[in-house]
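Student: I'd like to ask you about the structure that follows.
The values are calculated or read from the model by the stated rules, or taken from the named source; none is laboratory data. Bear in mind the structure is a predicted one, so any value in this text is a computation, not a measurement. Cβ placement follows ideal geometry from the backbone for every residue including glycine, while neighbour counts extend to all protein chains displayed. For the accessible areas, the whole protein counts, side chains as well, though only heavy atoms, and no ligand, DNA or RNA atoms are used. Shrake-Rupley method; radii C 1.70, N 1.55, O 1.52, S 1.80 Å.
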Amino acid sequence: MFDLQIPFFRPLWRRILLVALCLGWGVVELSFAAYFWATIFIGVGLYASYEFFLNFNPDQADSDAD
């Protein structure tokens, strides 16, 4: 889907911030009963959390920069 294994996301704070923003915005959309957009943002947040915290390999991110 998206290649999140890039050097930009090597710092932990950037990965946490992106996941928090996506999931937070999904909750905002839920509060306005915009279920389509809530599903999109929560889905992206869950996908990003999987890629960043379960599947992230900092060595691969560094090798992609070369």
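Student: Residues that are open to solvent by 60 Å² or more (accessible area, probe 1.4 Å) and modelled with pLDDT of 90 or more, at least 2 per element: which helices (runs of 4 or more DSSP H) completely within the chain meet that?
Tutor: Where helices (runs of 4 or more DSSP H) fall fully within the chain and carry at least 2 residues being open to solvent by 60 Å² or more (accessible area, probe 1.4 Å) and modelled with pLDDT of 90 or more, they are 12-31, 35-49.
Student: Need pairs with beta-carbon distance below 7 Å; first residue of a type in the set (Val, Ile, Thr) and within segment 1-18, second part of a loop (DSSP other than H, G, I, E, B) and modelled with pLDDT under 90; sequence gap 6+ or separate chains.
Tutor: none
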